[in-house]
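Q: Below is the structure I would like to discuss, written out as structure tokens.
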Amino acid sequence: MLKIKNLHASIEGKDILNGINLEIKPGEVHAIMGPNGSGKSTLASVLAGREEYEVTDGEIEYLGKDLLDLSPEDRAREGVFLAFQYPVEIPGVSTTNFLKTAINQIREYRGQEPLDAVSFLTTMKEKMKLVEIDQALLSRSLNEGFSGGEKKRNEIFQMAMLEPKLSILDETDSGLDIDALRIVANGVNKLKTSETSTIVVTHYQRLLDYIVPDFVHVLYKGKIVKSGDKNLALELEEKGYDWIKEEVDTAT
Ligand code: ADP
Ligand code: MG
Ligand code: MG
């Protein structure tokens, strides 16, 4: 699914990612954890192709293609979903209309006919049930006046509708309450298939009580300094990050 090799990236001339290596196979859920400022959101942004970030070295292979060669729009069309790409407020455009447009753009890109109204509605209903979202929310202007939990629900609904192959969720919002965490976790768990992969970026171990990751990676100073299974997240919960920082800082 995804192969990241020796990825270096900078913003405004400042090096943030210093040689990331990561391989993700179909069906896997990877959690990226790490202290504040370690580069977690930068990694998510580089994967999505946000233009402020400059990739200075390394490669990213996505389904056999060079991801760095694709525009952010084409990455989305190729099945990469980044949650924070979409939480923008769009006055006058409902989630329903936004998704209709997005889905038909993807279909056009793939050389498929636009989805007819009946099929679209059937899919909507099915996914609404799956992520437990209310019809009323979908008729409102996208994200306008949405609460934190409603934004999360909406984000997960978009993910359900767009059926991405690789989802990247950056739970950067320190205001995420327990309901929002549950919404995200339930969504990820229900949408998981043997052909899709998920990267969950978080510095909360709490989220991983609900999403059981196959792998946990700790990012520190722009590098993955430790990888393990879900037990690593539990160890971090118990011991914090200082022991990892010490290990790394004394070794360098
Ligand atoms: P994390 O998500 O792990 O908390 P980030 O990827 O957001 O970390 O940030 C990593 C580093 O990059 C931090 O030192 C941060 O200050 C810096 N950084 C992030 N965005 C910018 C920016 N737009 N301009 C300058 N520095 C930035
Ligand atoms: Mg941060
Ligand atoms: Mg962050």
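The values are calculated or read from the model by the stated rules, or taken from the named source; none is laboratory data. Fair warning: this is a prediction, and the values are worked out from it, not measured in the lab. Don't worry about glycine lacking a Cβ; one is built from the backbone with ideal geometry, like all the others, and counts go over all protein chains shown.
Q: Provide a single number: the residues in the stretch 12-67 that are touching a Leu at 6+ places or on another chain (Cβ under 7 Å) and among the polar types (S, T, N, Q).
A: Number satisfying all stated conditions: 2.
Q: In addition: Can you spot a residue in the stretch 61-84 that is out of contact with any Asp or Glu (no Cβ under 9 Å at 6 or more places or on another chain), in contact (Cβ under 8 Å) with a residue 24 or more places away in the chain and farther than 30 Å from GLN135 by Cα?
A: Among the residues of the stretch 61-84, at least one is out of contact with any Asp or Glu (no Cβ under 9 Å at 6 or more places or on another chain), in contact (Cβ under 8 Å) with a residue 24 or more places away in the chain and farther than 30 Å from GLN135 by Cα, which makes the answer yes.
Q: On to the next question. Among the residues of the stretch 218-252, count how many are in a strand (DSSP E or B) and of a type in the set (A, V, I, L, M).
A: Looking only at that region, the number is 4.
Q: Right, here's the next one. Would you confirm whether or not the stretch 25-32 contains a residue that is outside any strand (DSSP E or B) and within 16 Å of ligand 1 (Cβ to nearest atom)?
A: No.
Q: Can we say LEU47 is in contact (Cβ under 8 Å) with a residue 12 or more places away in the chain, within 16 Å of ligand 1 (Cβ to nearest atom) and not in a helix (DSSP H, G or I)?
A: No; evaluated as a whole, the condition is false for this residue.
Q: Can you go through ALA31, ALA102, ALA76 and tell me which one is within 16 Å of ligand 2 (Cβ to nearest atom) and either buried (at least 16 other Cβ atoms within 10 Å of the Cβ) or within 15 Å of the chain's Cα centre (by Cα) (or both)?
A: ALA31
Q: OK, next. From LEU138, LEU176, LEU236, LEU219, which residue is more than 16 Å from ligand 1 (Cβ to nearest atom) and either among the hydrophobic types (A, V, I, L, M, F, W, C) or surrounded by fewer than 18 Cβ atoms within 10 Å (Cβ to Cβ) (or both)?
A: So the residue among LEU138, LEU176, LEU236, LEU219 that is more than 16 Å from ligand 1 (Cβ to nearest atom) and either among the hydrophobic types (A, V, I, L, M, F, W, C) or surrounded by fewer than 18 Cβ atoms within 10 Å (Cβ to Cβ) (or both) is LEU138.
Q: Select from the stretch 193-210 the residues that are outside any strand (DSSP E or B) and buried (at least 23 other Cβ atoms within 10 Å of the Cβ) and write down the one among them that is farthest from ligand 3 (Cβ to nearest atom).
A: LEU208
Q: What is the residue count in the stretch 141-151 for residues that are in contact with a Gly (Cβ under 8 Å, 6 or more places away or on another chain) and surrounded by 17 or more Cβ atoms within 10 Å (Cβ to Cβ)?
A: The total comes to 0.
Q: Is it the case that the stretch 140-154 has a residue that's closer than 20 Å to PRO72 by Cα, of a type in the set (D, E, K, R) and assigned to a loop (DSSP other than H, G, I, E, B)?
A: No: the stretch 140-154 contains no residue that is closer than 20 Å to PRO72 by Cα, of a type in the set (D, E, K, R) and assigned to a loop (DSSP other than H, G, I, E, B).
Q: Being among the charged types (D, E, K, R) and without any contact (Cβ under 8 Å) to a residue 24 or more places away in the chain narrows it down to one residue among LYS25, LYS14; which is it?
A: LYS14
Q: Tell me, which residue of the stretch 50-64 that is of a type outside the set (Lys, Arg), within 14 Å of ligand 1 (Cβ to nearest atom) and in a loop (DSSP other than H, G, I, E, B) is farthest from MET1 (Cα to Cα)?
A: GLU52
Q: Looking only at residues in the stretch 131-154 that are under 17 Å from LEU191 (Cβ atoms) and either modelled with pLDDT under 80 or of a type outside the set (Asp, Glu) (or both), which one is farthest from the chain's Cα centre (by Cα)?
A: ILE133
Q: Specify the residue that is nearest to LEU219 (Cα to Cα); the eligible residues are those in the stretch 12-39 that are within 15 Å of ligand 3 (Cβ to nearest atom) and among the polar types (S, T, N, Q).
A: Only one residue tops the list, namely SER38.
Q: Tell me which residues, restricted to the stretch 34-44, are near ligand 2 (Cβ under 9 Å from one of its atoms), of a type in the set (S, T, N, Q) and assigned to a helix (DSSP H, G or I).
A: SER41
Q: Can you name the residue in the stretch 40-56 that is more than 16 Å from ligand 3 (Cβ to nearest atom) and not small (Gly, Ala, Ser) and, of all such residues, is nearest to VAL216 (Cα to Cα)?
A: Top of the filtered list is VAL55.
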